[in-house]
Amino acid sequence: MSARRLPHGGSEIDRSRPLKFTFDGRTVEGFGGDTVASALLASGRRIVGRSFKYHRPRGIWGAGVEEPNALLDVERDGRRTPNARATTEPVRDGLVARSVNATPDAEQDRNAFLDRFSRFIPAAFYYKTFMWPDWHLFEPRIRAMAGLGTVDPDWVQGRSADQLNHHCDVLVVGAGPAGLAAAASAAAAGHSVLVVDDQSRPGGSLRHRAGEIDGRPGAQWAAETAAALEKAGLALLSSTTAFGVYDHNLVALNQRHGDGWPDTLWRVRPKRIVLATGAIERPLPFANNDLPGILSADAALQYLKRHAVLAGERIVVATNNDSAYEAASVMAEASAEVTLVDVRPAASADAGKARVLSGRAVVAAHGRNAVEGVTLNDGTRLTADCVLVSGGWTPSVHLYSQAKGKLAWRDDLAAFVPGAEVEGIGTAGALVGEVSLSKVLESGIAALGQFAGKTATPKSTGPEASLNVSAAWPKPKAKGRVWIDYQNDVTAKDVELAARENFISVEHLKRYTTLGMATDQGKTSNLNGLALLAEATGRSIPDVGTTTYRPPFTPVPFTSLVGPKRKSLLAPVRRLPLDTVHRMQGASFREFGGWLRPAYYGGTGSGSAAAIQDEARRARQSVALFDGSTLGKIEVIGPRAAEFVDFIYYNTMSTLKQGRCRYGFMLSENGVVFDDGILVRLDEHRFVVSCSSSHVAAVHARLEEWRQDRFGRDAVYIHNATAQYATLTVSGPNAKVLLEALDLGASLDDASLPHMAITNGRFGGEEVRIARVSFTGDRSYEVSIRADCAEALWARMQQEGRALEAVTIGLEALMILRAEKGYIIIGKDTDGNTMPHDLGVAGPRQKRVTEFVGRRSLFTEEGTRSDRKQLVGLAVAEGEAPLGIGAHGIERTGGAKRSLGYVTSSYFSPTLGRPIALGLIEQGASRHGEVIDIQHLGMLRRATITAPCALDPAGDRLNG
Amino acid sequence: MQLFPCPFCGPRDEAEFHYGGEAGNLRPDGREVPAGRWADYLHMRANPKGATREIWVHVTCGEFFAMERDTVTHKVAGSVSLGEAEQQP
Ligand SMILES: [Zn+2]
């Protein structure tokens, strides 16, 4: 015989609502209110999974989040959840559940043979055995045989999980008697309260254990108290696990919905946390204590009371404390034949109709695929189809410990409990070792501190529970296989082996044996494991201590943690004001420094290279239009603005005349070039920093830092206006012709607007700023206009450009144009060692007398080395392909090769009709004309070192 | 997640802040600064266990400020904007 559903009873099932699901391909029937676990038990199913390592048959042990054995891959509505616990998964129609680590299923697992070799596979066996020749040869097959649930590789996420932020006065974790008493009291005092519980409804132990509060049955009091809280507008979240307490008492919750909806993540910032997280029942150490049919006594009581499932007909209850007596008594009342075996010499609680054998202990369980009987320490053999176990209670101290609380050992409870109070956190109930309902309720109120109300504490008016636990820890050299960690298949012998091999730190024990490392994180096993380690090493349990408790308390789906931050919401791209216009013009977009920008127009796939070449060639012929809106436009304003830009830039900027521009570098304090760009002086106290597109945020932050730290807020004001303006660039021999056709009302003759000067004009009533600066080496004008007015200006440019055979170019063509001129991109043509004098700009270093960022570093031993890498051009022979970017220039001394530097930019120049390249080469500035070897991906080539500028070195085109 | 007090905005989530270095790391000016002193300014940090005074920036509003906190307990004693920090003895 095995478990069965009783014809009557079950406080939480709805017999009028039958439901069907499948487990390992077979249909299982249940009722509304069932968990998958209760329905499987009711159907007589005993084996529900195979163990992690030895493929031992395993049955349901618990009734909540602590469940180590009954892990399932659950599928419904096309959504598969691996490693769901049968004990917390509600039964739903159409649910498909599969046992994990079993082929083809849990009942007839073909790897079950592994268990017969188990004595050859102790802890660390795989590590020790498969080292030679290479662990990776063996790993795939070993991994396939071990492990738990499987991830569905074809899974596609539908709706994103919700994430909520919540603030409240009091967060109560655990809706048992202590938590509900606390919540009611705080609510009565007018505080906002949030109560969470990881079970499907509030009440905790009141849902299945005897007890009366204020004259009402415990379950009724719990339901009414919860209803009153909700009526008062306060939230009570069931099926919600508080899985982590983080810095400054941020609590993270994962709320399960049980209807296919993704779990919800809550971030709660309460003023006070009340932890009433309860305690978890421990197994007892006897041989074969993992056989199906061996359950936590408290879990069996829950299944009987809540789901009307009787765990067996001939039940042995094994205990070392009073709490199992209630289970024994209730099972006997429900027609089972019950024998209670108590390690203590005399019974101290009422076992009802159960037979009690005091002073005796179960030493072994028997049975092949499920328990069939037990042997006691006096040799007595008892037949049983079910063994209920209570080895004492382990308080769920996880959240308290995560909050850096220090645990205290209590011999009288054989458990660790919270020690000194952590600021802002109260603890109550079974968590602090309280057992009697009176004490539990009182502790709930006390845990509120100043948030307690003045209402009367609820009174226990019924029977009071007791514990009187007598520790029954695993002992070294026990006969048979005594299981410590069910989920990770760790036996007492494994723990002893670890101790013998000197893994005597509890943290080492954990990692060596994997004790407590499975998805249940050793909720049922840790204390037994470290007690055995203490015994084996001659120490006390508190001396051995616990491993560190870390979030999450239970596994949390990645979907919860990710929430809506997926794809473009995770990394939003910035779009140009003219994004849609470029799209209509046939632009192919790429992301550059966070901006989605046109890379080129027309041409797709293999045609893209030709399109880019065409744009770069035509740009030099007549006139090119380019959207440069991403260029930084950071305004520096104030009485000390000139002094400020002098300090920020490597180049002297305060001598710049109004209406003029100057190119310059910004350095880091270590002397390395951080950014380059044009500085515009609008008037005496107003500059515009035009920095690299991808660097705007960093430059802005740097300016703010120096402003606030060195100059003062009244001296300088910084305003990042980058997104407010669109900047449209007109470049090429006919740039001036096109600009004149726009009728901007500004004098464009070279005397009024020479290279590196600005002027203002108007377009359609809007003011525009025209800057004559060039990143192509050709005559160029950058026209900046309010971003929302840019579309008309761009259209007009296109229209006027038609007669001139203007070409619209993307960023890729611009990269070629600037490389032809030897103009650098910071971070591409420079690296983390490049100083300004490496780029041929040595003047300010020698001449400047005022202070600037990075100055001192330019004169360090490193900054003055003679073998620094310097910017050069690299030319290859007629007809050869462009050099590879990243290719190294090399030098041979004796037999050894040495890198001289590397290629940073490389293109084919359509205007020059040959490849061009830039590079950083040791002492390159003084080596022009020298031919060096270039090595790339195993190929050796030759290149001639040249000046960086390959086109129009005299700069005639700037005024052409 | 820690809550840091921005002098401008009030308490905000730590993810909104960037670390700006240890407070009191005064910059020596001039190209004649001894190499050792300059290296100290660039690289040497006390990295204390316990009470510390640091510069942080609240990225969302741009405020740079000095914050006193404890690197062990993560308790924050308070914060003050850079301008006000200078006025303190
Ligand atoms: Zn702020």
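Ranking A:ILE637, A:THR655, A:ALA746 by how far each Cα lies toward the positive end of the dipole of the stretch A:625-817 (charges on Cβ) leaves A:THR655 at the top. Taking all protein chains as present, what is the carbon and sulfur share of the accessible area of chain A, in % to the nearest whole number, probe 1.4 Å? Carbon plus sulfur share of accessible area: 52 percent. Note on A:ALA347 and A:VAL96: with the Förster distance fixed at 45 Å, the Cβ-Cβ geometry gives a FRET efficiency of about 0.45.
One decimal place: the segment A:GLU880-A:GLU643 gains 80.3 nm when fully extended, by the rule 0.36 nm per residue minus the C-alpha distance. Contact order for chain B, expressed relative to its length and based on alpha carbon pairs under 8 Å spaced 6+ residues apart, stands at 27 percent. For the protein assembly as shown, the share of DSSP beta bridges that are antiparallel, to the nearest 5, is 75%.
Amide H contacts of A:ARG590 (H built 1.01 Å from N, in plane; Pro and chain starts excluded): A:ARG597, A:ALA599 sit under 5 Å, all sequence-distant by 5 or more or on other chains. Taking each DSSP H run with n ≥ 4 as -39500 (n - 2.57) and averaging over every residue of chain A yields -5500 deg cm²/dmol at 222 nm.
Ordering of A:178-184, A:450-456, A:348-354, A:796-802 by packing is A:178-184, A:348-354, A:796-802, A:450-456, highest average first (other Cβ atoms within 10 Å, averaged per residue). Around the amide H of A:TYR725, modelled in the peptide plane, lie the amide H atoms of A:ALA787, all under 5 Å away and 5 or more residues distant in sequence or on another chain. Since only A:GLY204, A:THR513, A:LEU275 are under comparison, the one whose Cα sits farthest along the positive direction of the charge dipole of the protein assembly as shown, derived from C-beta charges on Lys, Arg, Asp and Glu, is A:THR513.
Model label sites at A:GLU684 and A:ASN833, defined 7 Å from Cα along the beta-carbon direction, differ in position by 4.7 nm.
Taking the Cβ-Cβ separation of A:PHE859 and B:VAL72 as r and a Förster radius of 35 Å, what is the calculated FRET efficiency to the nearest 0.05?
Numbers: r = 40 Å, r/R0 = 1.14.
Efficiency computed from Cβ-Cβ geometry: 0.30.
Treating only the Cβ of Lys, Arg, Asp and Glu as charged (+1, +1, -1, -1), what charge dipole size does the protein assembly as shown show about its Cα centre? Round to the nearest 20 debye. All intermediate terms of the calculation are to be shown ahead of the outcome.
Values: 120 positive and 119 negative charges, 300 e Å.
It works out to roughly 1440 debye.
The trypsin sites (Lys or Arg not before Pro) found in the stretch A:858-934 that occupy coil by DSSP, while having at most 16 further C-beta atoms within 10 Å, are A:ARG865. The charge dipole of the stretch B:23-88, taken about its Cα centre with unit charges on the Cβ of Lys, Arg, Asp and Glu (plus for the first two, minus for the last two), comes to roughly 280 debye. Candidates A:GLY884, A:GLN870, A:LEU918 compared by Cα position along the dipole of the stretch A:824-959: farthest toward the positive end lies A:GLN870, with charges placed on Cβ. Using a simple spin-label model with points 7 Å from Cα along the Cα→Cβ vector, what separation in nm is obtained for A:HIS928 and B:ARG27? Modelled inter-label distance: 3.5 nm.
Run lengths n ≥ 4 of DSSP H only: what is the helix-derived mean residue ellipticity at 222 nm for chain B, with -39500 (n - 2.57) per run over all residues, to the nearest 500? Can you show the working numbers first?
Numbers: 2 runs with 15 residues, N = 89.
The helix-only estimate for chain B comes to -4500 deg cm²/dmol at 222 nm.
Sort A:LYS439, A:LYS828 by heavy-atom solvent-accessible area, probe 1.4 angstrom, most to least. Before the final figure, lay out the partial values.
Working: A:LYS439 105, A:LYS828 70 Å².
From most accessible down to least: A:LYS439, A:LYS828.
Across the stretch A:556-563, coupling constants 3J(HN,Hα) worked out from phi with the 6.51/-1.76/1.60 Karplus curve, θ = phi - 60°, read 10, x, 4, 4, 5, 5, 6, x Hz, and Gly and Pro carry x. For the set A:LYS406/A:LYS510; A:LYS567/A:LYS869; A:LYS847/A:LYS869, the pairs lying more than 28 angstrom apart at their alpha carbons are A:LYS567/A:LYS869. For chain A, averaging the sequence separation of C-alpha pairs within contact (under 8 Å, six or more residues apart) and dividing by the residue count gives a relative contact order of 9 percent.
Taking packing as the residue-averaged number of other Cβ atoms within 10 angstrom, the listed peptides A:466-474, A:37-45 run from highest to lowest as A:37-45, A:466-474. Other protein chain C-beta atoms within 10 Å of residue C-beta, averaged over B:55-64: 3. Among residues other than A:MET653 with Cβ under 12 Å from its Cβ, the summed charge is +3 (Lys and Arg +1, Asp and Glu -1).
The label point for A:ALA235 and the one for A:ALA803, both projected 7 Å from the Cα toward the Cβ, are 6.7 nm apart.
The HN-Hα couplings worked out from phi for the stretch A:697-713 by the Karplus form 6.51 cos²θ - 1.76 cosθ + 1.60 (θ = phi - 60°) are 4, 5, 5, 4, 4, 5, 4, 4, 4, 5, 4, 6, 8, 10, 9, x, 6 Hz, whole numbers, x standing for Gly and Pro. What does the C-alpha gyration tensor say about the overall shape of chain A? Classify as rounded when a/c is under 1.5, otherwise prolate if a/b is larger than b/c, or oblate. Prolate shape, in that a/c is at least 1.5 and a/b is the bigger ratio. The heavy atoms of A:GLU766 offer some 50 square angstrom of accessible surface to a 1.4 angstrom probe. A cysteine counts as unpartnered when no other cysteine's C-beta lies under 4.7 Å of its own; in the protein assembly as shown this applies to A:CYS168, A:CYS386, A:CYS661, A:CYS691, A:CYS789, A:CYS949, B:CYS61. Think of each Lys and Arg Cβ as +1 and each Asp and Glu Cβ as -1; about the Cα centre, that makes the dipole of the stretch A:625-817 roughly 280 debye. Summing charges over all other residues whose Cβ lies under 13 Å from the Cβ of A:PRO463, with Lys and Arg as +1 and Asp and Glu as -1, gives -4.
By its C-alpha gyration tensor, with a ≥ b ≥ c as the square roots of the eigenvalues, how is the stretch A:200-299 shaped: rounded for a/c under 1.5, else prolate for a/b larger than b/c, else oblate? Working shown, then result.
Values: a/c = 1.88, a/b = 1.26, b/c = 1.50.
Cα axes put the stretch A:200-299 in the oblate bin.
Look at the stretch A:707-718: the mean tally of other chain Cβ atoms within 10 Å of its residues' Cβ atoms is 3. With the convex hull of the Cα atoms taken as the outline of the stretch A:824-959, the averaged projected area works out to 10.4 nm².
Between A:LYS454 and A:LYS657, what length in nm is gained on full extension when 0.36 nm per residue of separation is reduced by their alpha carbon distance?
Working: separation 203, 0.36 × 203 = 73.08 nm, distance 7.50 nm.
Extra length from A:LYS454 to A:LYS657 when fully extended: 65.6 nm.
In this structure, the amide hydrogen of A:GLU313, modeled 1.01 Å from its nitrogen in the peptide plane, lies closer than 5 angstrom to those of A:ASP385, counting only residues at least 5 positions away or on a different chain.
Helix A:608-619 axis versus longest C-alpha principal axis of chain A: approximately 30°, rounded to the nearest ten. Listed peptides A:572-583, A:703-714 appear in the order A:703-714, A:572-583 once ranked by packing, highest mean of other Cβ atoms within 10 Å at the front. Pairs exceeding 18 Å between alpha-carbon atoms, taken from A:LYS404/B:LYS75; A:LYS439/A:LYS459; A:LYS271/B:LYS75; B:LYS49/B:LYS75; A:LYS53/A:LYS493; A:LYS353/A:LYS459: A:LYS353/A:LYS459.
The values are calculated or read from the model by the stated rules, or taken from the named source; none is laboratory data. The structure presented is a predicted model; accordingly, all values stated were derived computationally and were not measured. Quick reminder, even Gly has a Cβ in these numbers, built from the backbone with ideal geometry, and neighbours come from all protein chains shown. These accessible areas exclude ligands, DNA and RNA; they are computed on the full protein's heavy atoms, side chains included. Shrake-Rupley method; radii C 1.70, N 1.55, O 1.52, S 1.80 Å.
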